[in-house]
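Q: Below are the structure tokens for one structure; questions will follow.
The values are calculated or read from the model by the stated rules, or taken from the named source; none is laboratory data. Note that this is a predicted model, so its numbers are computed, not measured. Neighbour counts run over all protein chains shown; Cβ positions are idealised from the backbone, glycine included.
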Amino acid sequence: WVIQPRREQQPGRRHQHIRIPQLELYSRRLALCPPAPQPKREFRMIAGGWLALALLSSAGCWRCPQCLDPPQRCLGPDDLVSLVTTDCFLNLNNGVPAQDNAMCTRSIYRCPGTGIQHVLPALSPAEASTLYGKYYGRQAPMTSPNNPRSTGQAAMIRKYAQLQGFGAKMTIVEMGCAAGYVLFNLRDVATRLVCFEPDPHYHHRLHSTFADARRMVGDHRLRTDLIAKLFTPDSASEELAEASVDVFTSSHVLEHIPDPCSWLVTVHRVLKPGGLLFIEVPTKVFRWNTTHDHPSDPTMVMYRLVQSRQRSSPSFHVTWWSAPDVLSRMVLSTGFQLLSNETRFLLPNGHPNHAKQMRVVFRKVV
């Protein structure tokens, strides 16, 4: 079903309204969009969540990934959090074209055994590569390696690397490093820095960051590599040998990984025995549709977006780590030991990323 929201300017009003012709009657009841003159512009979006619900009803049994929900109970209508994702409607001015926006054919479910919220069906590697390589625009606004997030993460990694007796010849890999500021702050304890970053908008800055790092420690003792791909089992196998990595780090990326189970198995494979895994994720809950309104009502999602005048670019989150212990149990079950777990406001009030975050450090033991 194709919904065609119409964006219109009301006479005498400065803001614009959204019309959804197929839901006109309900929209009027919500006062979302009073009768208006002929629209000037039309936007086409796919409300594929309705199709997803039909598939859920006919597919027999859908389940969350096993590492997120070990009981593996079949999902039902009561587990549905939102039939459509906000990424289908965000950024109405410069949104993702309908043909590329795979998030419009996904829904959000609550995994019954753990309460973790997850997008299903899972994005394919090709869909994820298109979204993050062409349309992702939610990287944190950091302009210097001295920003508090990058320096704090590097300090934590350095601390636990020293406690494990690692020297200054580590291979450090980061998934989704953006401009490479965390890696830059670890330049003096590494002989190789590797970044998996599919977003081409960051490649120029990353090359500059890597060049500065090599200049400061010497080109002869530091190798830097940009892998312009998503970190997947296939790309990891091509670029990293088994048991070749001392530290694997990920900052605000795991919530974007469609299949965290295979991701974790891959990280375990490339880490050396005793190697470190650092993860930072936001501890959030999807709240657009958690009031008394029916979760399968896309008009309510649109209503809240319009009322809040939300115009940010899509985030493409596929997992909401609302239960911090679930992440720890997931990693521990794969052959890791927990070294540190911090769940608190890690950045000062007023900072653009002031929200509760979870920082965890694990050590590979098996």
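Q: So which of 72, 99 is at pLDDT 85 or above, assigned to a loop (DSSP other than H, G, I, E, B) and among the polar types (S, T, N, Q)?
A: 72
Q: Looking at the range 209-227 only, could you name the residues that are among the hydrophobic types (A, V, I, L, M, F, W, C) and in contact with a strand residue (DSSP E or B) (Cβ under 6 Å, 6 or more places away or on another chain)?
A: Result: 210, 226, 227.
Q: If you don't mind, another one. Can you go through 134, 229, 159 and tell me which one is surrounded by fewer than 16 Cβ atoms within 10 Å (Cβ to Cβ) and touching an Asp or Glu at 6+ places or on another chain (Cβ under 9 Å)?
A: Among 134, 229, 159, only 134 is surrounded by fewer than 16 Cβ atoms within 10 Å (Cβ to Cβ) and touching an Asp or Glu at 6+ places or on another chain (Cβ under 9 Å).
Q: Search the range 124-147 for residues that are modelled with pLDDT under 85 and pair each with any residue that is surrounded by fewer than 16 Cβ atoms within 10 Å (Cβ to Cβ) and among the aliphatic types (A, V, I, L, M) when their beta-carbon atoms are under 9 Å apart and the residues are at least 6 apart or on different chains.
A: Here the result reads 133/228, each pair linking the range 124-147 to a residue that is surrounded by fewer than 16 Cβ atoms within 10 Å (Cβ to Cβ) and among the aliphatic types (A, V, I, L, M).
Q: Could I ask something else about it? Right, residue 191: under 20 Å from residue 211 (Cβ atoms), polar (S, T, N, Q), touching a strand residue (DSSP E or B) at 6+ places or on another chain (Cβ under 6 Å) and modelled with pLDDT of 95 or more or not?
A: So residue 191 does not fit the description; no.
Q: Hey, among 168, 178, 161, which residue is without any contact (Cβ under 8 Å) to a residue 24 or more places away in the chain and out of contact with any Lys or Arg (no Cβ under 6 Å at 6 or more places or on another chain)?
A: 168
Q: Another question, then. Listed residues 312, 333; which is surrounded by fewer than 21 Cβ atoms within 10 Å (Cβ to Cβ) and modelled with pLDDT under 60?
A: 312 is the lone residue from the list that is surrounded by fewer than 21 Cβ atoms within 10 Å (Cβ to Cβ) and modelled with pLDDT under 60.
Q: So the check is Cβ under 6 Å with 6+ separation or different chains; which pairs have a first residue in the range 211-227 that's in a strand (DSSP E or B) and a second one that's at pLDDT 95 or above?
A: 223/192; 224/193; 224/210; 225/194; 226/195; 226/206; 227/196; 227/239
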